[in-house]
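Notes for the one structure printed next.
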Amino acid sequence: MNEVIGKPLNRVDGPAKVTGKARYAADHPHPDLLHGHLVGAAIPRGKILSVDTTEALAQPGVVEIFTHENVSRLAIFDRSYKDQLAPEGHPLRPLQDTQIYFSGQPVALVVAVSIEAARHAAALVRFDYDREDHRMDLERQRPEAEDSGDAPEPRGDVDTALLHSEHAIHQLYETPPEHHNAMEPFASTVILEPDGTYTVYEKTQGVQNCHKYLKKVFSLGDREVKVLAPFVGGAFGSALRPGAQLYLAMLAAVHLQRSVRVVLERKEMFTLGFRPPAIHTLRLGASAAGKLEALCHDSLAATSSFEKFHRPIVEWSAGLYACDNVRTLQEIAPLDTNTPCDMRAPGAAEGNFPIESAMDELAWEAGLDPLDFRLANYAEKDPESGKPYSSKALRECYRLGGERIGWSQRSRACRANREGTTLKGMGMATGSWDAMQMPASARAVLRPDGTLVVSSATADIGTGTYTIMTQIAAGELGLPEERVTFLLGDSTLPMAPVQGGSFTAASVGSAVLKACGKVKRKLVKLAQGLGDSPFDSIDKEEIRLEDGHVVAGDIRMPIPEVLRRAKSKGITCKSLAIPQLLKRRKVTCKTHSAVFAEVSVDADFGTVHVTRVVCAVAAGRILNPKTARSQIIGGVVWGIGMALHEESYLDPESGRFINHDFAGYHIPVNADIGEIEVIFVEEEDEVVNPLGVKGVGEIGIVGTPAAIANAIFHATGKRVRSLPITPDKLL
Ligand code: MOS
């Protein structure tokens, strides 16, 4: 386990996925399953006056209809309870009262013998509402804004610095609401077992978060319910918190004493969490020589009326460059929508677009090359805390990325590269994300036949967790990967955090490494204590594990033989890995990237094609360059979507996200994607964690939208400051 870039092992879960053997939350069969269908509120804000379920209940196949009228009496929701990622406020408690916070809020669950019967009856449940005025426009909510507490301490004197700056810009940027749209919709299958316990197949990034939630809300004992999510078809933050479908499916199962499934339709996914819209004001100033002298980033982002969701948006700007005078402000204001939630690189993706657009604008203003301008203001140490970085190979990212795309050959002027009606341009941006680590645990079981089973209650939302954990375990114990099985997505397994924040490789990986290290030491000890052992006079430092054998010099003994001769039934070790806080406290741990984009713009139609993206990433050790590359490509594709396509449109009248399908909510398709090249810059880091990994889940999207917007400016001379950059904005 000491090479900086690991082996490109194929996904160990790949065959199960492509042959359909992998079962997702709604795939688990059960002979006696009931189906639930949601009814969503038709108004964005107000109260339910009455509900009439008579006609719906009379439909063939309908078993029960849950509404606030029968559920609130069941009074099972502990009002003090919050899930692991709940912001300040109170989580949504569907069917508990008559209050409507947002359009589409679940107000009833129809349970029937088939999906069709449930869906049909759901259309016949009648609600009367008392509608109140609703708030849909973030700018108009400014008077209600409050400080989110995310902005770092100011440094220097921004106002004076701005006054004396030779070059300055002052601009407004907008980032829209966006929805995740993972392939797998939200789904819960609650199986009532013969012994009265519940097995829940859930689409989630955190089986234990869901388990705790169900235990608390339904007053269940630890073993009365378990939550399983062995496969997750994408989630990207949308499945970090227990969703309404889980609560409702469980509610129906508990009260009907039946097995129940609830699956959301695509349009219902648009009533859930989303990336909150934000409005940003940027003011930058630079000296004649191109030294960044002042930086101001103020943002206003949306939250809901019942929870104060926020993620750092402006902090990224404050920490990106060496600059003596920095002031940021981050505010939130409520809209009458569901609570926003994490969406890939939450805060950073939307915060990076304005700062990296503004940096480009200032470079042009000052007549500087945008890359040279960034290099001239490179932060050698964390500009906020003054601490050194645990490692930072961003300079290498700039160099290698720039070389690959051919940055130095681009035209110095904008709108200078024209072929017929096609305008070509090139742009770049810097990206950053935190290299986090959470406490996590793992168990490793070395069996008498020399195979190893390692487990932890983490998730693989498509990121490659199964594969990299297999590699870490195999590497530590010198086993071929085929002899290692990694288990996850089961709430009964050793404690793990939700899969998010790009911290799974560091957190769970460290636990796997530690548990396997313990197994290794025990195995070596067994080998030394065999009595007639060839290893007993050999120092333990000389003994290593290799290809399923215990090895010292030219002595090689297969692991099963060691275990058999030691009369061992196998070795089981469990470990908890926690961040090395004493070491980490002295440094700043961040992932960095340099993103370069090349675009073609049709001058007549304003259509943009991103012909090339080069994303150079410094993320510590890359455990598996194949799965890691896929993560970055996924992030870049999403960055292209963010730059050009994605926007959830909040209709002011209905208060609903009205483009709630793929006809209206555009995401990039194959034809939208040109060449994407990923470069992993070698970065050794012994401080960040014992594995030296920083995580690659989020960094791919950060920087990509700004690099594209900057390329569009280079191509067309037009600066678009509100995403997405649709053709109308370029005409
Ligand atoms: Mo991700 S937004 O950390 O699931």
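Do you know which residues across region 201-221 are open to solvent by less than 10 Å² (accessible area, probe 1.4 Å) and either in a loop (DSSP other than H, G, I, E, B) or in contact (Cβ under 8 Å) with a residue 40 or more places away in the chain (or both)? Break it down stepwise before answering.
Step one: of region 201-221, the residues open to solvent by less than 10 Å² (accessible area, probe 1.4 Å) are 202-207, 209-210, 214, 217.
Hits for region 201-221 are Glu202, Lys203, Thr204, Gln205, Gly206, Val207, Asn209, Cys210, Val217.
Output yes when any residue across region 657-667 is away from the ligand (no atom under 16 Å from the Cβ), free of Cβ contacts under 8 Å to residues at least 40 places away in the same chain and closer than 19 Å to Ser600 by Cα, and no when none is.
The answer is no, given that none of the residues of region 657-667 is away from the ligand (no atom under 16 Å from the Cβ), free of Cβ contacts under 8 Å to residues at least 40 places away in the same chain and closer than 19 Å to Ser600 by Cα.
If the Cβ limit is 6 Å and pairs must be 6+ apart or interchain, which residue in region 222-247 that is open to solvent by 10 Å² or more (accessible area, probe 1.4 Å) pairs with which residue that is part of a strand (DSSP E or B)?
Sorted first by the residue in region 222-247, then by its partner, the pairs are Lys226/Thr199; Leu228/Tyr201; Leu228/Asp490; Ala244/Pro106.
Which residues, taken from region 697-727, are within 20 Å of Leu172 (Cβ to Cβ) and in contact with a Ser or Thr (Cβ under 7 Å, 6 or more places away or on another chain)?
Correct list: Ala706, Ala709, Asn710, Arg721, Leu723.
What's the total number of residues in region 654-690 that are open to solvent by 20 Å² or more (accessible area, probe 1.4 Å) and hydroxyl-bearing (Ser, Thr, Tyr)?
Total satisfying the criteria: 1.
Quick one: in region 293-347, of everything that is of a type in the set (A, V, I, L, M) and within 16 Å of the ligand (Cβ to nearest atom), which residue is surrounded by the fewest Cβ atoms within 10 Å (Cβ to Cβ)? Lay out the reasoning, then the answer.
Going through region 293-347, the residues of a type in the set (A, V, I, L, M) turn out to be 294-295, 300-302, 313-314, 318, 320, 322, 326, 329, 332-333, 335, 343, 345.
Cutting the leftovers down to within 16 Å of the ligand (Cβ to nearest atom) gives us 301, 313, 343, 345.
Working: Ala301: 29, Ile313: 32, Met343: 24, Ala345: 32.
That would be Met343.
Mind checking which pairs have a first residue in region 249-266 that is surrounded by fewer than 18 Cβ atoms within 10 Å (Cβ to Cβ) and a second that is of a type in the set (Asp, Glu), Cβ under 7 Å, 6 or more apart or different chains?
These pairs meet every condition: Leu256/Glu64; Arg266/Asp661.
Table: residues versus (1) assigned to a strand (DSSP E or B); (2) in contact with a strand residue (DSSP E or B) (Cβ under 8 Å, 6 or more places away or on another chain); (3) open to solvent by 30 Å² or more (accessible area, probe 1.4 Å).
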position	(1), (2), (3)
Lys586	no, no, yes
Val595	yes, yes, no
Val599	yes, yes, no
Thr611	yes, yes, yes
Val614	yes, yes, no
Lys626	no, no, yes
Val637	no, yes, yes
Met642	no, yes, no
Pro652	no, no, yes
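Residues Ile461, Ile468: which one is of a type outside the set (Phe, Trp, Tyr), open to solvent by less than 50 Å² (accessible area, probe 1.4 Å), away from the ligand (no atom under 16 Å from the Cβ) and not in a strand (DSSP E or B)? Walk me through it before giving the result.
Working: Ile461 fails: away from the ligand (no atom under 16 Å from the Cβ).
Exactly one residue qualifies, and that residue is Ile468.
What's the number of the only condition in (1) at pLDDT 95 or above; (2) in a loop (DSSP other than H, G, I, E, B); (3) more than 16 Å from the ligand (Cβ to nearest atom) that Ser238 fails to meet?
Only one criterion in (1) at pLDDT 95 or above; (2) in a loop (DSSP other than H, G, I, E, B); (3) more than 16 Å from the ligand (Cβ to nearest atom) is unmet by Ser238, namely (3).
Answer yes if at least one residue in region 187-200 is surrounded by 13 or more Cβ atoms within 10 Å (Cβ to Cβ) and either assigned to a helix (DSSP H, G or I) or within 16 Å of the ligand (Cβ to nearest atom) (or both), and no otherwise.
As a first pass, look at region 187-200 and keep what is surrounded by 13 or more Cβ atoms within 10 Å (Cβ to Cβ): 187-192, 197-200.
Filter again for either assigned to a helix (DSSP H, G or I) or within 16 Å of the ligand (Cβ to nearest atom) (or both), leaving none.
No, there is no match, as no residue in region 187-200 is surrounded by 13 or more Cβ atoms within 10 Å (Cβ to Cβ) and either assigned to a helix (DSSP H, G or I) or within 16 Å of the ligand (Cβ to nearest atom) (or both).
Looking at Lys718 and the list (1) surrounded by fewer than 24 Cβ atoms within 10 Å (Cβ to Cβ); (2) over 21 Å from the mean Cα position of the chain (by Cα); (3) in contact (Cβ under 8 Å) with a residue 60 or more places away in the chain, which single condition is not satisfied?
If we test Lys718 against (1) surrounded by fewer than 24 Cβ atoms within 10 Å (Cβ to Cβ); (2) over 21 Å from the mean Cα position of the chain (by Cα); (3) in contact (Cβ under 8 Å) with a residue 60 or more places away in the chain, just (3) comes out false.
The values are calculated or read from the model by the stated rules, or taken from the named source; none is laboratory data. Keep in mind that this is a model prediction, so the values were computed, not measured. Heads up, the Cβs are rebuilt from the backbone with ideal geometry, glycines too, and the neighbour counts pull from every protein chain shown. When the accessible area is computed, the model is the full protein with side chains, heavy atoms only, and any ligands, DNA or RNA have been set aside. Shrake-Rupley method; radii C 1.70, N 1.55, O 1.52, S 1.80 Å.
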